[in-house]
Structures are given as structure tokens and as C-alpha cells.
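**Q** Here you go, one structure.
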Ligand SMILES: *Cc1c(COP(=O)(O)O)cnc(C)c1O
């Protein structure tokens, strides 16, 4: 773990050249010089897994070389210096408009938004806006404001629990039940009351790639308002789905076409097809984003509103996002996401045919699916399958589902730009071979330690 460092007095018995050369605990008096430092560090990084064989991450692992060039050219521009880099600021504003339009922000309404470092920051901003608005409503009604809560499914990404802990909001995580692996309308409403700052629906659960029924949740909240007078806003965490659904499920209504949806976030560095470091938060209109949360920075003698948790960050990722929008267009994004979806569904179909596996989802919503072992398989677990694939370089995580299905352990595959049918076939060959060897076991394997460790989505 990055937070703990090895005791400097206990040196590893076997020390590689790089370890001798590169600093591990303090800044050395003399540097290595540029060339040697480069060699030492790039050699050490060979020990990292190969990004292209990583079927675990949602984050972009391949971009065209022009994008990498543009990113290198703009790494020195600070996003926050809007007056020094007005063109970078203008490009960020264009991206916000493009995304708001993609998500059907109503014409004539004052939709607004910003870039962030990722969906986690975007979620913090969206949820803070919900908290501020709730507090205003309660104050106006002369009611106490000390017990806010937020309703989500137990399948939410950890950033929602982070928000709740950091900003003192009670998380109401609706457990899974039976074959329901995400939030539904009925359960969402059951958990709401006048202290609910909002409901967050996920477009693309990290656990199995399924979409939560945003439209049904919104309709149930409409009915709840009609009967109770309590108006609960809806935020959509579309970290992955925000750049998938508009292209390959265009008729699915999950976005600003639904009036109750007040804000949406997505990760530019997931299906937005940009290397890590960019997310987006969009509000349907000015009323959805309380003015008190916005800070003015000087912009060419004028004022530029900003809403962010951090301050300085490179312009590269936003420029890369704009490059992808510009070079691919709607058609390019559609083709790429369609291909990923086809590869995911092909993999799911073939995995189901192997025999011992049972699909939890099939890759038809996000190009992501989870599968488990049939209950009669007792000699090995999904953790053993994951470890064997790792030996071949494939990273396929195994993990348990959350409450009330923490009995269910699955493997998950995320298909992204760069994973083609040829790679899928290579993967399937390896999976079939290792599954056969595990099937041939005559007695159960001992439990692996991976079984006890949590998996961060
Ligand atoms: C990845 C993800 C997040 C966090 O996004 P980052 O961009 O990694 O900060 C939040 N919610 C969902 C549904 C996700 O898939």
C-alpha cells in the first residue's frame, strides 16, 4: 500500500540494480542524471501489469498517438489559470456544451457544468449541490437541518460512501435482494423522507454493468411527491453509461429528458475514451446548482465561475477529451461503443457455453458483465480462476457482491476500446484451458487469500 513504507533498516535480501540506484526513502544528495533515472524508472514499471490485458479497469488504456502528443503539449497548462490560457478555458466550455447536448439538456434552460478530475469529484459536486438545496428547502420551511440522508443502491461506487462520510450525510444504501442486483423504484421511494437530499441512480453498476431503471425511479418519486409533498431530486451517476447509452441505446431515457434528473456525472477517462484524469458534472439549469457553491476567478478582467474541490491541474485531459470529440464525432463514438458491446456480448455467450459458469449479466447494457460458478462447483472458486488467468497476464477481478448478496462471488470483465475479437478469442482459449484443469481437480483447493481481501471498484 502506498501509505505504508517499509522499515528502512530491513533491506530486501535481493536488491536489483534499480533499487540500488533510485531513491526509495529520501531525496539522495546527488541525482542519477536524466538518462539513468529514465532507465531505472521505466525498468521498474515493467513490473506493473500490462494495461491492454487489464479486463478489470473501466479506465481508458489506449488512445491514438495524436491524442498522446496533444496531451504532452498541454501538460504545462494549468486548467485554473483561465486568464493565462483562455483557449483551454474555451475548449472546456465547449466540452460542457457538447456533453449537456448529448444528455438532452433542455433547450432554452441554463444548463451548466464543469470538468473535474473524474467522476468521484463530479459526484462530490453533484451531491453537495443536493445537500445545499435540501438545506435551503428545510430552512425555508423552518425545519431542522441536522439529519440529511442520501438514498442509493448498495451497489454504488465507493465515492458515494465517501461523500456521505466526508460531508456528514447518512447513507441509505438499499441492499440487493435475490436476483435484484441494483436499486429499483419501489425500494428507492421506501427509503426517502423529508431529510432525503436526493436519490442517486447509477447508469452502469460497477458490480455487473447493469443500468438502474432511472425513468421508473423518477416516476416513483413523482408519485411520492404527489402523495407526500416531498420533492426528492434525482442525480444520475453515469460514470460509464454517460458515454455509452447516448450512442448505442439512444432511445433509453435516463438523462435530462426526465424532468426530475437535476444533475449527471460521467468519467471522461472511462467510455469518454481519454487517459485518466477527467470527469464531467452537468446540472440541468442554474437553479439546480446553488450560487453559494460557485467561486469567481478572474478571467481576462472578467469573471469566470468555478466549482471544484481542487485548484491546479493540467489542461491535458480536457484537451484530449475535445480531441476525441472532434476526431471521432457521434458516428465514431457509436462505432467504438458498439464494437465494445458486441465483443462483451460475444465473450459472455462463449463463457456461458464453457459449462461451469453462470452469467449474472450479459454485456448488453454497459459492455461489462459478471459471471459466477454454478453451485455444484466445489473444488475451486472464482478466486482460483482469477489467479490462474493472472498467471497468463489477464487481469479479471473476483469479488463478493454487497449486502444482502454477500454470499455471491463473481468474476467481471470490462470491455473497452482496444479489446477486439482476436483478443477476446485469445482470452477465451486461456479461460477454457484453465477451467478444464480446475475441473479435473479431484479435491477442493485450499482457500486463496484473495478471497478475504476486498476489491475496490
Ligand atoms: C468509476 C466510477 C466512479 C468513480 O469514478 P472516477 O472517475 O474513477 O473517479 C463513480 N461511479 C461509478 C458508477 C463508477 O463506475
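The values are calculated or read from the model by the stated rules, or taken from the named source; none is laboratory data. Given the structure is predicted, the values throughout are model-derived calculations rather than measurements. All Cβ positions, even for glycine, are placed from backbone atoms using ideal geometry, and neighbour counts span all protein chains on display.
**Q** Read through the list (1) within 20 Å of the chain's Cα centre (by Cα); (2) free of Cβ contacts under 8 Å to residues at least 24 places away in the same chain; (3) in a helix (DSSP H, G or I), then give the number of the only condition that residue 362 fails.
**A** Exception for residue 362: condition (3).
**Q** Evaluate region 333-348: report whether one residue or more is part of a loop (DSSP other than H, G, I, E, B) and surrounded by 17 or more Cβ atoms within 10 Å (Cβ to Cβ).
**A** Within region 333-348, not a single residue is part of a loop (DSSP other than H, G, I, E, B) and surrounded by 17 or more Cβ atoms within 10 Å (Cβ to Cβ).
**Q** A follow-up question, please. Given (1) out of contact with any helix residue (DSSP H, G or I) (no Cβ under 6 Å at 6 or more places or on another chain); (2) over 18 Å from residue 244 (Cα atoms); (3) surrounded by fewer than 22 Cβ atoms within 10 Å (Cβ to Cβ), identify the lone condition not met by residue 382.
**A** (3)
**Q** Could you name every one of the helices (runs of 4 or more DSSP H) located completely within region 176-276 that has at least 3 residues being without any contact (Cβ under 8 Å) to a residue 40 or more places away in the chain?
**A** Qualifying helices (runs of 4 or more DSSP H): 185-190, 214-228.
**Q** Would it be correct to say that residue 379 is touching a strand residue (DSSP E or B) at 6+ places or on another chain (Cβ under 7 Å), more than 23 Å from residue 270 (Cα to Cα), outside any helix (DSSP H, G or I) and not assigned by TED's automatic domain parsing to the domain that holds residue 273?
**A** Considered against the rule, which asks whether it is touching a strand residue (DSSP E or B) at 6+ places or on another chain (Cβ under 7 Å), more than 23 Å from residue 270 (Cα to Cα), outside any helix (DSSP H, G or I) and not assigned by TED's automatic domain parsing to the domain that holds residue 273, residue 379 comes out as no.
**Q** Let me ask another. Could you grab the pairs with beta carbons closer than 7 Å, sequence gap of 6+ or different chains, first residue in region 121-133 and farther than 13 Å from residue 233 by Cα and in contact (Cβ under 8 Å) with a residue 24 or more places away in the chain, second one assigned to a helix (DSSP H, G or I) and within 15 Å of the ligand (Cβ to nearest atom)?
**A** 123/159; 123/160; 123/163; 124/163
**Q** Read through the list (1) crowded, with 20+ Cβ neighbours inside 10 Å; (2) outside any helix (DSSP H, G or I); (3) modelled with pLDDT of 90 or more; (4) in contact with a helix residue (DSSP H, G or I) (Cβ under 8 Å, 6 or more places away or on another chain), then give the number of the only condition that residue 61 fails.
**A** Tallying (1) crowded, with 20+ Cβ neighbours inside 10 Å; (2) outside any helix (DSSP H, G or I); (3) modelled with pLDDT of 90 or more; (4) in contact with a helix residue (DSSP H, G or I) (Cβ under 8 Å, 6 or more places away or on another chain), residue 61 fails exactly one: (1).
**Q** In a helix (DSSP H, G or I) and more than 16 Å from the ligand (Cβ to nearest atom): is that true of residue 100 in this structure?
**A** yes
**Q** Kindly evaluate residue 257 against the criterion of being out of contact with any helix residue (DSSP H, G or I) (no Cβ under 8 Å at 6 or more places or on another chain) and under 24 Å from residue 73 (Cα atoms).
**A** no
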